[in-house]
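All of the numbers you see were taken from the coordinates with simple rules; none came from a lab. What you are looking at is a predicted structure, and each value in this text was computed from that prediction instead of being measured. Ideal geometry is used to build each Cβ from the backbone, glycine not excepted, and the neighbour counts take in all protein chains shown.
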Amino acid sequence: MIRKVEARTYVHESEDENKVLKALLNVFPFPEKIKKTKFEGSFNTQIILLQGEIKREDEVKKFLENFQERVVNKLSRDELLKRIDKKTLFLRIDKQMAYADGKIRIGNYDDCILLKLTFQRKNEIQKVCSFLIS
């Protein structure tokens, strides 16, 4: 099973922090787990990192149910395998769609919500994530 789910995204100076937080919560529905870190980017721009982590079985179950409800696209088996490193599945989620429609679209976005799902064993990834494979 899944041992840990991590989610993170960045709020750039030109973005509305509340909108980015809403997008993140549509993907990772645990407001009490979100931590905010401010730092300075290039040219003295302010950047905020929003990140959260869950480990408890009931939280992981809620995360997966929410994810399955909201995901709008599937991946080929090869695409899924490219996103696996050891026991971890990495997914990039379209931040704009997560905010505007509350939907989850997996892709290769630069400005994204990054999900990191760590499993107990590598062979569990395809079984647990079978709903993502087309």
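For the stretch 2-132, the Cβ-based charge dipole about the Cα centre amounts to some 680 debye (Lys, Arg positive; Asp, Glu negative; other atoms uncharged). Take the Cα of K22, step 7 Å toward its Cβ, do the same at K36, and the gap between the two points is 1.6 nm.
Length available on full extension from E13 to K62: 0.36 nm per residue minus the Cα-Cα distance, which gives 14.5 nm.
Think of the chain as a dipole: +1 on every Lys or Arg Cβ, -1 on every Asp or Glu Cβ, centred on the Cα centre; then among Y99, I125, I54, I125 lies furthest on the positive end. Which entries of K35/K127; K33/K127; K4/K122 have Cα-Cα distances beyond 25 Å here? K35/K127; K33/K127, as the Cα separations exceed 25 Å there. Straightening the chain between N73 and F90 buys 4.6 nm, computed as 0.36 nm per residue apart minus the Cα-Cα spacing. From the P(r) of the chain, can you give the percent of Cα pairs sitting at distances over 20 Å? Result: 44 percent of Cα pairs exceed 20 Å.
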